[in-house]
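Trainee: One structure follows; several queries about it will come next.
The values are calculated or read from the model by the stated rules, or taken from the named source; none is laboratory data. As the structure is a computational prediction, the values presented were derived from the model and not from experiment. Every residue, glycine as well, gets a Cβ built from its backbone with ideal geometry; the counts of neighbours run over all protein chains shown. Ligands, DNA and RNA are stripped out before the accessible areas are found, and what is left, the full protein with its side chains, is counted by its heavy atoms. Shrake-Rupley method; radii C 1.70, N 1.55, O 1.52, S 1.80 Å.
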Amino acid sequence: MKLNVKKCIPVLLALCMLLLGGCAKTYKDIKVTSFDIISISPKGLDAVDAVVDVGLDNPIVGFEVFNAVASIKLSGEECMSIVADQLVVEGHSEKVYRIPLHGSLSPSFNPLELLKLVKDMDLSKFTMDAKARVGLRGGLGKDIDIKDIKLEKLLKKE
């Protein structure tokens, strides 16, 4: 029996792609391992700077996070907007990244309302929407948009 090599090549390629694809890691395998607020510094009456440490376990190639913005909402109404500095995440690593944040109160939000909530430390009414562009160093990227993250869950220490 004579084996036709030309007919076997596509089958072998398909088999290799299937086997290798099952082992490959994807962005869904990236895990947030920790989140800590390091410092918060008021900037006048309507702005704040903060520094947070975020632990990431990244089993894939390195990437950059840029144009990151978040909106903090109290009972569905925006009370603060936050902008994060650009972040470069190393590939195939587990590391804690220090991220500077810059926030400003929404002009329509009453700061006295925020003081009452901070006094009671009731975070259950707060949610956050976040957007960012995540890209490979080669320029390919994807916009990410996450809605209604519960701040109470995000900041909870376990």
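Trainee: Sorted by accessible area with a 1.4 angstrom probe, largest first, how do 151, 112 fall?
Mentor: Result, largest first: 112, 151.
Trainee: Quick one: if you stick a label point 7 Å off each Cα along the C-beta vector at residue 28 and residue 60, how many nm between them?
Mentor: Using points 7 Å along Cα→Cβ, the separation is 1.1 nm.
Trainee: Still on this structure, please answer the following. How large is ³J(HN,Hα) for each residue in the stretch 95-105, as worked out from phi by the Karplus curve 6.51 cos²θ - 1.76 cosθ + 1.60 (θ = phi - 60°), to whole Hz, x for Gly and Pro?
Mentor: Using θ = phi - 60°, the values come out as 8, 9, 10, 8, 10, x, 10, 10, x, 9, 5 Hz.
Trainee: 7 Å from Cα along Cα→Cβ at both residue 144 and residue 94: what's the point-to-point distance in nm?
Mentor: Result: 1.9 nm between the two label points.
Trainee: Expressed as a whole percentage, what fraction of the accessible surface of the stretch 29-158 belongs to carbon and sulfur atoms when a 1.4 Å probe is rolled over the protein heavy atoms?
Mentor: 58 percent
Trainee: Order 94, 64, 152 by their accessible area, 1.4 angstrom probe, all chains in place, largest first.
Mentor: Heavy-atom accessible area, descending, gives 94, 152, 64.
Trainee: Over 24 Å between Cα atoms, which of 28/95; 31/150; 43/153; 28/73 qualify?
Mentor: Pairs exceeding the cut-off: 43/153; 28/73.
Trainee: Let me ask something else about it. Where a Cα-Cα gap under 15 Å defines reach, which aspartates and glutamates qualify for residue 156, not counting those fewer than 8 residues away within the same chain?
Mentor: Excluding near neighbours in sequence, the set is 36, 53, 122.
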